[in-house]
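Since the structure comes first, as structure tokens, the remarks are kept for the end.
All of the numbers you see were taken from the coordinates with simple rules; none came from a lab. Please read these numbers as outputs of a predicted model, since none were measured by experiment. Cβ atoms come from the backbone with ideal geometry, glycine included; neighbour counts cover every protein chain shown.
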Amino acid sequence: MSTAEQKLAKTGHGHGSSGGKDLTSGSVHRQLAKLTAYMAIGAVASMTFQVVDTYFVAQLGTEELAAMAFTFPVVMILHAIAIGLGTGVTAVVSRFVGGGGEESSKAIGTDSLYLAILITTIFSAIGYFTIDPVFALLGAGPEIMPLIHDYMEIWYLGIIFMIVPLIGNSVIRAHGDAKFPSMIMITAAVLNIALDPILIFGLFGAPRMELQGAALATVIARFVTFAAALGVLHFRMHALTYEMPSVERLSKNWRRILNIGLPSTATQLIVPVSMGILTALIASYGAVAVAAYGIATRVEMLALIFMMATSIAMGPFVGQNAGAGRIDRVKIALRFAFQASFAYGVVMAVLLALFGEQVGNVFSDDTDVVRLAAFYLLVVPVSYPVLSIIGISSQAFNSLARPMPAMIIGACKAFVIQLPLAYVGSAVGGIQGVFVAMSLSTLMVSLLAYVWIWRVINEEEGAPSSSAAA
């Protein structure tokens, strides 16, 4: 950053982008709570439609439910790419917003959309033509493969409408505005929930499409987010630039984004890749185990929304304040986020332990599926009180332009600790042993993340302000 931008960063008056929010001054607790609340509302809407998807598909039968569970790791991989890229966008754009680089933030935000379209097109083509080998590798049998095709063929053709809006929302959040991304997600979720029964079961004269209907409902709803995100960026945020980008500008901005986005993507990919291996292990116990795992993980995503929202909120908050050299505010935010997430995790662990079986009954009438899902919801949530330490620390690392610690922590959780423990647990206690291992691995890695993030924060606090804003 230039000297002028550093001065703007120190004073906190470098935020010229219309529609944005200055996160470098004012109450830390209030700002972080507001960001988290908006993101949680949007996440609730997004996760709710996934749970509703699971509910309607479960009415089709156990094989259909198992087929959807098999698609989850692959869907997560493609979303992980978008989330990783979005993390890079948020980190870079928010630091320029915090330091007063409005024109640079516009150019980077625009170029990030070009990059998202390019990456999405490539992965859509590759994914569409590799359905059989990929899902066979995950353990899907020939009786389930046609059902997977029904869902994934439509999903792959429509992923541009799912991925590009995630990047657009990252740009909006980088400017400190979490309200409009939340509204966009709510609108899409309501539309998805409304379309699900119509297209899956053929209501109101529509053809009965079953799993194809579930995929098509998602694509249509995500098209709405595609249009809405671009509309907010153009009409309200004025956060885009429309001149033809030069090769030099694209190269420079894509390199800035990917310097953080690639390690962040690797961090994000660790989760679905390890989940894919874990799913293959669970699949060795049969369709009942896969179905139970699918139900439990969908419920878990809904239960962890507050923690996920808190983690995401840390991205723009830490980015803007790091750009402005306000590491003192970052420290306050971390303490508040850790304490609030711990209390929330305790509450959710107790609730799921008490009502896990009743929750399972909502999704399936198969006694074995419900019993196994309830066991998962009993043992895995034991780690919830400290789970958020991993996500919050990772977002903070990325926004501090230090993506490697986040990637190392993610790799430790997935490959160094969780998977080995899962195979040991499987050998000792069967499928129940796998679930116990998942809980233990989270407890262990959270300690590593906690120690590491505070060490980095103390280093940042002792560094010159110009270094913090670089």
Grab the other residues whose beta carbon is less than 12 angstrom from that of R335, score K and R as +1, D and E as -1, and report the net. +1
Karplus (6.51, -1.76, 1.60) ³J(HN,Hα), θ = phi - 60°, over the range 300-311, in Hz, Gly and Pro reported as x: 4, 4, 5, 5, 9, 4, 4, 5, 5, 5, 4, 4
R455, R329 arranged by Cβ crowding within 10 Å, fewest neighbours leading: R455, R329
Sort 359-368, 108-117 for me by packing, meaning the mean count of neighbouring Cβ atoms within 10 Å per residue, highest on top. 108-117, 359-368
Label-point separation (nm) for F201 and M183, each offset 7 Å from Cα along Cα-to-Cβ? 3.3
For the residue pair H234 and K252, what label-to-label distance in nm results when each label sits 7 Å from Cα along the Cα-to-beta-carbon direction? 2.6
7 Å from Cα along Cα→Cβ at both F342 and R208: what's the point-to-point distance in nm? 5.4
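Helix-only estimate, please: 222 nm mean residue ellipticity of the chain, summing -39500 (n - 2.57) across DSSP H runs of length 4 or more and dividing by its residues, to the nearest 500.
Working: 18 runs with 380 residues, N = 470.
One gets -28000 deg cm²/dmol as the mean residue ellipticity at 222 nm.
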May I ask you to work out the translational diffusion coefficient for the range 125-174 at 25 °C, viscosity 0.890 mPa s, via Stokes-Einstein with Rh from the Kirkwood sum over Cα pairs, reported in whole µm²/s? 197
Gyration tensor over alpha-carbon atoms, the range 189-337, equivalent ellipsoid semi-axes in Å: 35, 26, 18
Give me F342, F129 ranked fewest to most by other Cβ atoms within 10 Å of their Cβ, as a rough exposure proxy. F129, F342
When averaged across all projection directions, what area in nm² does the alpha-carbon convex hull of the range 399-445 cover? 3.3
Working from Cα positions, state the angle (0 to 90°, nearest 10) between the long axis of helix 367-379 and the longest principal axis of the chain. 30
Using Cβ contacts closer than 10 Å as the measure, can you line up R222, R255, R249 from fewest to most? R255, R249, R222
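May I ask you to derive the FRET efficiency for M244 and L351 from their Cβ-Cβ distance with R0 = 60 Å, giving the value to the nearest 0.05? Intermediate values should be presented prior to the final figure.
Working: r = 54 Å, r/R0 = 0.90.
Result of the calculation: an efficiency of 0.65.
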Relative contact order for the chain: what percent, with Cα pairs under 8 Å and sequence separation of 6 or more? 24
Where does helix 327-363 land angle-wise versus the long Cα axis of the chain, in degrees 0 to 90, nearest 10? 10
Once the Cβ-Cβ distance between R30 and L118 is put in as r, and R0 is 51 Å, what FRET efficiency do you end up with, to the nearest 0.05? 0.85
Scan the chain and hand back the longest stretch that contains none of the GluC sites (Glu not before Pro) lying in DSSP loops with at most 12 other Cβ atoms within 10 Å. 244-470
On a 0 to 90° scale, report how tilted helix 247-283 is relative to the longest principal axis of the chain, with both axes built from alpha carbons and the result rounded to the nearest 10. 30
In whole Å, what three semi-axes, largest first, describe the equivalent ellipsoid of the range 28-468 built from its Cα gyration tensor (square root of 5 times each eigenvalue)? 34, 27, 19
³J(HN,Hα) computed for each position of the range 20-28 - Karplus, 6.51 cos²θ - 1.76 cosθ + 1.60, integer Hz, glycine/proline x: x, 10, 7, 9, 9, 8, x, 5, 5
Once each part is reduced to its C-alpha centroid, what is the distance from the range 53-132 to the range 178-203 in angstrom? 18
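Longer than 27 Å from Cα to Cα, which of K21/K106; K252/K331; K179/K252; K331/K413; K21/K331; K252/K413 are they? Say none if no pair is.
Correct reply: K252/K331; K179/K252; K252/K413.
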Computed over the range 368-470, Cα set: Rg, Dmax in Å: 17.1, 60
The FRET efficiency for E63 and F129, from their Cβ-Cβ distance with R0 = 22 Å and rounded to 0.05, is 0.35
If you plug each phi of the range 149-165 into the Karplus form 6.51 cos²θ - 1.76 cosθ + 1.60 with θ = phi - 60°, what whole-Hz ³J(HN,Hα) values come out, in order, with x for Gly and Pro? 4, 3, 7, 6, 4, 5, 4, 4, 5, x, 5, 4, 7, 9, 8, 4, x
